[in-house]
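**Q** Take this structure first; my questions come after.
None of the figures in this text is laboratory data; all of them are computed from the coordinates on show. Owing to the predicted nature of the structure, the values given are computational and were not obtained by experimental measurement. Neighbour counts run over all protein chains shown; Cβ positions are idealised from the backbone, glycine included.
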Amino acid sequence: GGLKVLVQCLIGRFSLDPNRVVEVVLGALEHRPESERLWRLLGSFDVASVAHVLGHKFRGYAAERDALLEPEEGEIEVGKGERKCTTVEDSTTEAPPALYALAGRLVDRGLLKLDALVAHLSPKDSGTKDAHALCRDLIKQEADNIG
């Protein structure tokens, strides 16, 4: 109870954004998932805000990755002349495994509904299908060129 009261006092005293506090607690849990005090503290926040904040973290990594994978001005886009399939595995900005583990623990503890998180994950189903089709076509074209 003491940590919860202290954090509530700090939020009120310094007019802290509760979502920012949730983000800090999630960050701490990402690195210290065994801390029951942090889990109890997180349980005192609105479950919807947990989903929103965690989703924002995942979207941040996706935005970084997408920015790196986007062709720069003057470059040829994949499928428009350049013969290359770029995958998520090629990216260095993938969300860390600890973030996925945290998401799993949140679902397991009932602090996060999986449906609420899926909306924030990437790539979207349609993007995955399009990328798969593009890569399949490029691989087939390469094979046809070989003979």
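**Q** Based on other C-beta atoms within 10 Å, arrange CYS135, CYS9 from fewest to most.
**A** Lowest to highest Cβ neighbour count: CYS9, CYS135.
**Q** Could you list LYS4, LYS57 in order of exposure, starting from the residue whose Cβ has the fewest other Cβ atoms within 10 Å? Don't skip to the end; give the middle numbers.
**A** Values: LYS4 15, LYS57 19.
Least crowded to most crowded, the residues run LYS4, LYS57.
**Q** Which order do the peptides 26-38, 95-107 come out in when sorted by mean C-beta neighbours inside 10 angstrom, highest first? Show your work: numbers first, answer last.
**A** Values: 26-38: 14.0, 95-107: 15.5.
Top of the packing list down: 95-107, 26-38.
**Q** A further question follows. Along the stretch 101-112, what does the Karplus equation 6.51 cos²θ - 1.76 cosθ + 1.60 (θ = phi - 60°) give for ³J(HN,Hα), rounded to whole Hz, x for Gly and Pro?
**A** 4, 4, 4, x, 5, 4, 5, 4, 8, x, 8, 8
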